[in-house]
Each structure stands twice: as C-alpha cells, then as structure tokens.
Amino acid sequence: MSKPKHPRSLKETEAQAVTRNIRVSDYKLSLVAGLIRGKKAQDAVAILTFSKRRIAQTVKKTLESAIANGENNHSLDVDRLVVSRVEVGRAMVMKRFHARGRGKASTIEKWFSHISITVAEAQTEAAPAEQEAA
C-alpha cells in the first residue's frame, strides 16, 4: 500500500524548476526575480546574463532548467516560452555571533531563500485573415 500519486498542479503548457536554499536574502533575490517576470524566456536569459548582481547567475541556471524541463519533459516549443511565474520564499536562517566590546556578543543572521520559476507556452495569436473570415 503506497500513497496515491500526487496530481500534476501545473497546466499541460507549463513547466517548472525549483532551487532551494540559495545563500542570499529573499529581498535581494526578489529584486532579480522582478527583472524577468512576464518576459520571453530568451529575453529573460539575456537579462540575467548581463546583470551585475551576483545571484543572477543562480537564477539564470534555474530558468534554463525550467526551459529544459519544458522542452524535454513536456514537449513545449522553446521559441514560444514565457516566464509566467517567479516565486521567491524564505528558507532557513543561519545564526552566528560577532564578538563585541565588554565581553558581549551580537547575532549575525545569514538568510537563505527558495526560488520557483514557471514557464508557459504563449498562446498563438490567430491570423488576421482568419478573424476577418469568421
């Protein structure tokens, strides 16, 4: 007796990639995620390639993984992929201490984050001749 299969939560035209426990705060990661939200997949890869932020390379690898998942696992057309959803969440917090004066200590918090990128196939626009004929 095993658990029943978990139904697929994504549509047939979507693919997803998740990266967990990235060593950056969720605020900094969400700034990079905002750059690619709603863009075409190729444009988003180009934006992340030339971004000056350190975490952009990790986000780029996750985006490329989502594109590859769509192409190989779900037979989606790579040229029509759009970044439909980018979700950023908090993960654990490493707590360290920093020695201060008079024998005291203060805490240093090192934040970790999760990112989930969903790409979807853009709907093909009907040709103008077909719309006029209808």
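No value in this document is a laboratory result; all are computed from the given coordinates. None of these values were measured; they are calculated from a predicted model. Reconstructed Cβ throughout: ideal geometry from the backbone, glycine too, with neighbour counts over all protein chains shown.
Points to keep in mind about this one:
- Reach of K104 by Cα under 27 Å, taken over lysines that are not fewer than 8 positions away in the same chain: K95
- Kirkwood Rh, angstrom, the range 74-125 [1 / mean 1/r, Cα pairs]: 14.9 Å
- For the residues K39, K104, K60, a GNM of the chain with alpha-carbon springs under 10 Å puts the largest fluctuation on K104.
- Based on DSSP H segments of at least four residues, each scored -39500 (n - 2.57), the chain has a per-residue ellipticity at 222 nm of -9500 deg cm²/dmol.
- Extending 7 Å from Cα along the Cβ direction at N21 and again at K5 yields two label points whose distance is 3.0 nm.
- Whole-Hz couplings from phi, Karplus 6.51/-1.76/1.60, listed for the range 101-107; x for Gly and Pro: x, 6, x, 9, 9, 10, 8
- Gain on full stretching of the segment that runs from K39 to D79 - 0.36 nm per residue minus C-alpha separation: 13.2 nm
- Tail weight of P(r) past 26 Å, computed on alpha-carbon pairs of the chain, percent: 41 percent
- All lysines inside 30 Å of K3 as judged from Cα atoms, apart from same-chain residues fewer than 8 positions distant: K11
- If R0 is 35 Å, the Cβ-Cβ spacing of R96 and A46 corresponds to a FRET efficiency of close to 0.40.
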